[in-house]
1. Counting pairs of Cα atoms in the range 115-222, how many percent are more than 17 Å apart?
2. Using the basic label-point model (7 angstrom from Cα toward the beta carbon), what is the residue 208 to residue 277 distance in nanometres?
3. Compute the distance from the alpha-carbon center of the range 130-145 to that of the range 207-221, in whole Å.
4. Given the Cα-Cα distance of residue 168 and residue 285 and 0.36 nm per residue of separation, how much length would full extension add, in nm?
């Protein structure tokens, strides 16, 4: 009887010890994450320009659990107003932890509500993310629930923080014109500036279509890299470092859920669609706009609807 009591007490002591160690681990992890976030935030605080907002963004909640986030990439270069260089719709399904990407070409000729016909990237220049949301909804029938504006400096900072040794990319050809870096063809590790230059290159026969394809390729490579243990450990510092360069309508809880989904879902393939789809556009030239992409709207709207269903 006495031996049985001793064994029970020993088990209780062991259980308390394990619980105490578990609590300490959580506290240390939380402390580490908080300190790394602060270090990252302080390293770039005050360095980023104020990104334009325009009319208040009309955010909404999805009816089917699939949140459409408008990703807007800008190269502000200290200017008060800039056109959106990159426009993507990331559909995040929180139930399945999956992401789909729709890339919208910036030269698509659209009807901008209250302004008239312009290239799509002009909407952001005229009045920020809300006008771009209205324009996309009006022309493509895509509901946008939130937005995220990312200055290109945030991209470089994020890559260099979470992947200090670079990100693996197979560069398909030598590149240098107007991207700020010189890249040789072949498999290599690219730092933040090089990866951004690769994603923005369009000085070849593919033009913007090749550029959009590379942007999607880069996002997939970053997601694959991010799910590694070492990258997850750097995630708090990365998030802190890019905060000054990022503006979003996402709530803190939604941001946390989205980042957690990307970090812990194990990566996986990202489904991609480029609009306009092949064979569904012409390239006329208009006075004041230059060369544009004029779409077969029925074909492209149907392709988007089918892709995002």
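1. Values: 3545 of 5778 pairs.
That fraction is 61 percent.
2. 1.9
3. Their Cα centres are 22 Å away from one another.
4. On the way: separation 117, 0.36 × 117 = 42.12 nm, distance 3.87 nm.
Taking residue 168 through residue 285 to full extension adds about 38.3 nm, to one decimal.
Here, each number is a calculation from the coordinates, and none is a lab measurement. Here the structure is a predicted model, which means the values were calculated and not measured. Because the Cβ atoms are built from the backbone with ideal geometry, glycine has one as well, and the counts that use them run over all protein chains shown.
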